[in-house]
Structures are given as C-alpha cells and as structure tokens.
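Notes follow once the structure below has been shown.
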Amino acid sequence: MPSNKHAGIRYKVLDDCFSNKHRRYYFNDLLEKCNEELRYQCGESCSVGVRTLRSDIKYMREQALMSRVYIDTKDDGSGGRYYQYSDLEFSIYKRGLSQDNLAQLRETILMLQRFKGLPDLGWMSEVLVKLEDKLELHGSKKSVIGFEENKTYSGLDWIQSVFEAIINQMPQKVSYRTFNDVEYEWILSPHYLKEYNNRWFLVGTNHDGNRVTTVALDRIDEMEPVHETYLTSDIDFESYFDDVVGVTVCQERHKETIRLRFAQDSPRFFYVQTKMLHQSQVLEDLDNRIVRIEVIPNNELDALILSFGKDVEVLSPPEYRAHIQNIVRQSYEHYFPKK
C-alpha cells in the first residue's frame with residue numbers, strides 16, 4: 001500500500017465508507033468525507049479533487065479484488081449510485097500479510113530475539129513467542145502453542161482507529177450500545193486502551209461533564225472524529241486501574257479491605273497463591289487459609305469471587321459480605337425456587 005500520508009488517510013476514509021452498513025455513500029459524499037478528514041488532520045489547505053478520488057477508488061478496487069471482494073456501485077432506485085463493498089465485513093486493512101511483509105517481519109523478529117531476557121523487556125518474550133509460532137519460525141508447520149483467543153470478538157475492528165485517535169489527540173463522537181440495547185452518543189477525548197478478559201476498552205474524557213468514561217470497543221456502533229477541542233487529562237492511566245479488578249472504576253467508592261477464607265478441603269487456595277486475585281493480595285492466615293486484598297469493589301470483583309463457588313467465603317467488610325450473600329441467595333432461588 002502506498003506510504004504517502006495523504007493517500008493513506010483517504011484510503012482509510014474510503015475503506016470505512018465502503019464497509020458502512022448504516023449509510024449509503026455516493027461519489028460526492030466520498031469526496032466530502034475525504035476532504036473533511038484531510039482538513040482535520042492536515043490543515044484547511046489540504047484537499048482532494050475528483051480526478052484523484054477516482055484514482056483512489058480504482059486503487060481500492062484492485063486491492064479488494066485480491067481478496068475476491070468487489071466495490072459495487074449500486075442503484076438506489078432513483079437514479080443515484082452509491083459505493084459499497086460486496087462483502088460488508090471486508091476491509092483492506094484486515095487482509096493477511098504479503099510474502100514481502102512476512103519476510104521483513106521474520107528478519108525483525110530474529111533481530112529482536114537477541115534482546116529477550118534483558119531487564120524491562122520481559123513482555124517481549126510473550127510477543128515473540130506468539131509471532132514465532134504464527135510465522136512458523138520454530139521450524140514446524142504445526143502450531144505448537146495455544147493462546148487464549150476470542151475469534152468472534154468484534155471490538156478488534158476499532159483498535160487501529162482508537163489507537164490513532166489517542167496518538168493524534170482527536171476527539172471522537174462515539175455511538176455506544178449497551179448489552180440491554182440502551183443507546184448513548186458521547187463526545188470523548190481518548191486517552192488510553194485497556195485490555196481485560198479478552199476484551200478491549202477505550203478510556204477517555206467525556207465532554208459531557210468532563211468525567212472519565214470507559215467504553216467497551218465491542219459495544220461501539222459508530223465512531224468518527226469531530227471538530228472539538230481535545231481535553232487533556234492529568235490522570236496516569238497506567239496506574240488508574242491499580243485499585244480495581246477489571247476496568248470499572250467507581251469514582252464514588254473508596255478502596256476497602258476484602259478478607260476471604262478458602263475452604264480447607266479445596267486446592268484452589270494454592271491456585272490463588274500462584275495467580276493472585278489482585279496485586280495487593282496478602283496472606284493473612286495460612287492455617288485458616290485467609291487472604292486479603294485492598295480494592296474498590298465492582299462487578300468484576302463480584303464475578304471473580306463468585307467464580308470460586310463454594311471454595312471461598314467473604315469474611316469482611318460486613319457490607320460487601322452482605323452484597324455477595326444476596327447474590328448467592330438469588331442464585332440459589334433460581335435452582336431451588338420457593339414452593
């Protein structure tokens with residue numbers, strides 16, 4: 001794909017338009033969208049003309065055809081014609097790597113392997129193992145290691161756009177739909193990408209109330225840049241989640257000491273010694289198998305504790321113990337309804 005910055009911006013806009021399931025884009029619409037994005041990223045004097053746009057569409061057609069996808073011009077029934085991929089799930093940015101790309105990536109990986117084990121580069125070992133396995137650099141045609149993966153996860157479609165918005169400090173209009181089908185539309189200044197439990201989340205400043213908002217990428221319907229002033233944040237987002245399990249930070253709540261007792265006949269006590277519930281975990285009483293953590297309670301903590309079933313009991317604080325008791329009671333009534 002050409003490296004020209006302006007061309008790259010146009011191709012990304014066109015790719016988004018061709019795969020849009022909710023709106024039809026005619027030629028003039030494409031021209032307007034490209035120019036709007038170019039002016040936003042490169043200044044008011046930057047624009048694209050009709051001839052260049054036709055050349056861009058031709059190039060995009062050639063790229064799509066390599067994956068047996070067509071850019072159709074469809075009749076809207078009133079004489080107008082709009083542009084759309086024949087497969088709306090397709091994106092030229094989702095295609096596999098070319099042989100040249102793979103060769104260059106292999107060379108880079110072989111170079112990076114020299115740095116494995118150096119201080120502060122422990123994360124590199126996992127990345128390199130994944131790449132070595134996927135690119136068959138270990139000499140075997142079969143995969144030899146299995147990583148946790150959610151193949152149906154839709155949030156990855158937004159990763160690149162969100163990453164670029166954070167780097168370029170571009171406020172975004174985000175159309176968001178909850179799991180119970182409640183819709184929201186926010187203007188967010190994006191600051192941070194966070195992964196938890198095989199899902200990705202965007203953390204940003206909501207222009208409505210200047211508050212921190214966390215958005216699950218797989219619940220985003222639409223996202224596009226807007227001409228708003230970017231709101232910076234003094235928050236250190238690398239440590240922002242230190243006091244919680246997961247990604248839900250309740251600003252109105254404070255950190256509490258949660259004491260948990262594991263059953264004497266359960267080996268899962270030893271499991272949490274090797275994989276701590278939270279970085280604050282402390283072994284309080286070995287004989288009675290009591291551990292404590294310092295966290296802000298949230299839904300993710302509830303789910304984690306409940307995942308141990310009968311093997312764990314919340315001892316304190318009393319309010320949180322009562323909260324878990326209520327959840328367990330309701331669960332019990334599902335299986336053993338009152339007669």
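The values are calculated or read from the model by the stated rules, or taken from the named source; none is laboratory data. Keep in mind that what you see is a predicted model, and the values were worked out from it rather than measured. Glycine also receives a Cβ, built like all others from the backbone with ideal geometry; neighbour counts cover every protein chain displayed.
Output the residue which, of all residues in the range 59-74 that are in a helix (DSSP H, G or I) and of a type in the set (A, V, I, L, M, F, W, C), is farthest from the chain's Cα centre (by Cα).
At the first step, the residues of the range 59-74 found to be in a helix (DSSP H, G or I) are 59-65.
When the remaining residues are screened for being of a type in the set (A, V, I, L, M, F, W, C), the result is 60, 64-65.
Working: Met60: 27, Ala64: 26, Leu65: 29 Å.
Ranking the qualifying residues of the range 59-74, first place goes to Leu65.
Within the group Ser47, Ser67, which residue is more than 23 Å from Asp221 (Cβ to Cβ), touching a helix residue (DSSP H, G or I) at 6+ places or on another chain (Cβ under 8 Å) and of a type in the set (S, T, N, Q)? Steps first, answer last, please.
Values: Ser67 fails: touching a helix residue (DSSP H, G or I) at 6+ places or on another chain (Cβ under 8 Å).
One residue alone meets the criteria, Ser47.
Inside the range 305-329, can you point out the residues that are surrounded by 15 or more Cβ atoms within 10 Å (Cβ to Cβ), touching a residue at least 40 places away in the same chain (Cβ under 8 Å) and part of a helix (DSSP H, G or I)?
Of everything in the range 305-329, those that are surrounded by 15 or more Cβ atoms within 10 Å (Cβ to Cβ), touching a residue at least 40 places away in the same chain (Cβ under 8 Å) and part of a helix (DSSP H, G or I) turn out to be Ile305, Asp311, Tyr320.
Looking at the range 280-292, can you tell me whether even one residue there is part of a helix (DSSP H, G or I), acidic (Asp, Glu), over 31 Å from the mean Cα position of the chain (by Cα) and not assigned by TED's automatic domain parsing to the domain that holds Asn198?
Of the range 280-292, the ones part of a helix (DSSP H, G or I) are none.
Among the residues of the range 280-292, not one is part of a helix (DSSP H, G or I), acidic (Asp, Glu), over 31 Å from the mean Cα position of the chain (by Cα) and not assigned by TED's automatic domain parsing to the domain that holds Asn198, which makes the answer no.
I need the full set of residues from the range 35-75 which are in contact with an Asp or Glu (Cβ under 8 Å, 6 or more places away or on another chain) and closer than 30 Å to Pro171 by Cα, in order please. Full working, then the answer.
Quick first cut of the range 35-75, residues in contact with an Asp or Glu (Cβ under 8 Å, 6 or more places away or on another chain) only: 48, 60, 69.
Within the range 35-75, Val48, Met60 qualify.
Look through Gln281, Gln273 and report the one residue that is at pLDDT 90 or above and either of a type outside the set (Lys, Arg) or surrounded by fewer than 16 Cβ atoms within 10 Å (Cβ to Cβ) (or both).
On the way: Gln273 fails: at pLDDT 90 or above.
That would be Gln281, the only listed residue that is at pLDDT 90 or above and either of a type outside the set (Lys, Arg) or surrounded by fewer than 16 Cβ atoms within 10 Å (Cβ to Cβ) (or both).
Residues in the range 199-220: is at least one aromatic (Phe, Trp, Tyr), outside the structural domain of Arg321 (by TED's automatic domain parsing), within 14 Å of the chain's Cα centre (by Cα) and farther than 30 Å from Ile290 by Cβ? First the steps, then the outcome.
We begin by selecting, within the range 199-220, every residue aromatic (Phe, Trp, Tyr); these are 200-201.
From the residues that got through so far, the ones that are outside the structural domain of Arg321 (by TED's automatic domain parsing) too are 200-201.
Next cut, within 14 Å of the chain's Cα centre (by Cα) only: 200-201.
From what's left, farther than 30 Å from Ile290 by Cβ: 200-201.
There is at least one residue in the range 199-220 that is aromatic (Phe, Trp, Tyr), outside the structural domain of Arg321 (by TED's automatic domain parsing), within 14 Å of the chain's Cα centre (by Cα) and farther than 30 Å from Ile290 by Cβ.
Have a look at Glu37, Glu32, Glu44, Glu62 and point out the one that is modelled with pLDDT of 90 or more and either crowded, with 16+ Cβ neighbours inside 10 Å or not hydroxyl-bearing (Ser, Thr, Tyr) (or both). Walk me through how you get there before you give the answer.
Working: Glu37 fails: modelled with pLDDT of 90 or more; Glu44 fails: modelled with pLDDT of 90 or more; Glu62 fails: modelled with pLDDT of 90 or more.
Of Glu37, Glu32, Glu44, Glu62, the one residue that is modelled with pLDDT of 90 or more and either crowded, with 16+ Cβ neighbours inside 10 Å or not hydroxyl-bearing (Ser, Thr, Tyr) (or both) is Glu32.
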